[in-house]
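What follows is a set of notes on a single structure, which appears directly below.
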Amino acid sequence: MDKRKFALRSDFIVIFVLAVIAIAAFAVFNSGEEAGYAEIIHDNELIARLSLEEDRIYTPEGFDVTFEIKDGAAAFISSDCPDKICVNTGFISKKGQSAVCLPNRLTLRITGGSDEADIYIG
């Protein structure tokens, strides 16, 4: 019968290489641009771009919807829609996250960026 060791030296090398690859991938995906803005979009048109650095409450003109920026995160805090899914989503803060109010056709999207504009109304 052939007696084998529990693990060969080559096994440890493979495990080490895989660990290094995993750590490198984690670093690459988490070192991206910091989230900096909450964009409010209506029918694919940007209506406001709010900095996440300043706490505030914002209500877009013509809508019964209110947003809050607090501690680097943004949320729908009130809406006249019947189901309130947008409000129940809560605060979002990571680049790429979004919350949507379908009845009002509004999207709250977190983006990164280095623009100096605090509010863009277009």
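The values are calculated or read from the model by the stated rules, or taken from the named source; none is laboratory data. What you see is a predicted model; the values in this text were computed from it and never measured. Positions of Cβ are generated from backbone atoms using ideal geometry, with glycine treated the same way; all protein chains shown enter the neighbour counts.
Restricting the stretch 57-107 to residues that are acidic (D, E) and in contact with a Phe, Trp or Tyr (Cβ under 9 Å, 6 or more places away or on another chain), which is modelled with the highest pLDDT? Filtering first and then ranking leaves E68.
For the stretch 60-74, a residue qualifies if it is over 17 Å from F91 (Cβ atoms) and either touching a Cys at 6+ places or on another chain (Cβ under 6 Å) or not hydrophobic (A, V, I, L, M, F, W, C) (or both), and the qualifying residues are P60, E61, G62, D64.
Scanning the stretch 7-41 for residues that are at pLDDT 80 or above and under 30 Å from I77 (Cβ atoms) yields G36, Y37, A38, E39, I40, I41.
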